[in-house]
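Written below as structure tokens is the structure these notes are about.
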Amino acid sequence: MSAVRAAVADAARAVALPDGLPKLTCTGYVPDAVTAPCFFTADYTVDFDKAMGRALDEVELTCQLLIGIADDRASQRLLDALLAGSGPASLKAAVEAARGAPGEFALGGLAHDLHVTRVQGYRWYEHQGTQYLGAQLTIKIIGEG
């Protein structure tokens, strides 16, 4: 899972934020300290043996997105752009680009396929004593066990 989490973070780095904004910090682990805006992989569940002989496992990966709150409206506009289903700042589009071409494995060969399935938890979050605006993205990943 460590390699899968790192590959998802690498894919998320492809987002293009509007001019004047810092680059999106992306990591495959939960960071001690956040440099906002920040995307990181967090919780996951694994359903083993979806096909016989360890042929398929299914992972539901929950990723966290945290935005600084210096300006509440600007923060919400940025969060909305990152959570959009398409566009240059869309995390969904950036992560799903790592699916590869038809017939190729996803995440550079680490998975059969992936799909960003849900956004939830659009609210204030506290991380190490600092408040952020944020949301969670859920990614379904399937691959050999």
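Counting just the residues of region 31-41 that are over 11 Å from the mean Cα position of the chain (by Cα), surrounded by 13 or more Cβ atoms within 10 Å (Cβ to Cβ) and hydrophobic (A, V, I, L, M, F, W, C), which one comes out nearest to ASP80 (Cα to Cα)? The qualifying residue nearest to ASP80 (Cα to Cα) is ALA36.
Looking for something at pLDDT 95 or above, part of a strand (DSSP E or B), buried (at least 18 other Cβ atoms within 10 Å of the Cβ) and among the hydrophobic types (A, V, I, L, M, F, W, C) - is there at least one such residue anywhere in region 87-109? Looking through region 87-109, at least one residue is at pLDDT 95 or above, part of a strand (DSSP E or B), buried (at least 18 other Cβ atoms within 10 Å of the Cβ) and among the hydrophobic types (A, V, I, L, M, F, W, C).
Among residues of region 1-27 that are within 20 Å of ILE141 (Cα to Cα), those with a Cβ under 8 angstrom from a residue that is among the acidic types (Asp, Glu), sequence gap 6+ or separate chain, pair up as CYS26/ASP10. Filtering region 101-145 to residues that are touching a residue at least 40 places away in the same chain (Cβ under 8 Å) and small (Gly, Ala, Ser) leaves GLY108, ALA111, GLY134, ALA135, GLY143, GLY145.
With respect to the conditions (1) touching an Asp or Glu at 6+ places or on another chain (Cβ under 9 Å); (2) free of Cβ contacts under 8 Å to residues at least 12 places away in the same chain, ALA98 lacks only one, and its number is (2). For region 68-78, check the following and say yes or no: at least one residue is within 15 Å of the chain's Cα centre (by Cα) and either surrounded by fewer than 17 Cβ atoms within 10 Å (Cβ to Cβ) or modelled with pLDDT of 95 or more (or both). So far as region 68-78 goes, no, none of its residues is within 15 Å of the chain's Cα centre (by Cα) and either surrounded by fewer than 17 Cβ atoms within 10 Å (Cβ to Cβ) or modelled with pLDDT of 95 or more (or both).
The values are calculated or read from the model by the stated rules, or taken from the named source; none is laboratory data. A quick note: this is a predicted structure, and the numbers were derived from the prediction, not measured. A quick note on method: Cβ atoms are made from the backbone with ideal geometry, for glycine too, and the neighbour counts reach across all protein chains shown.
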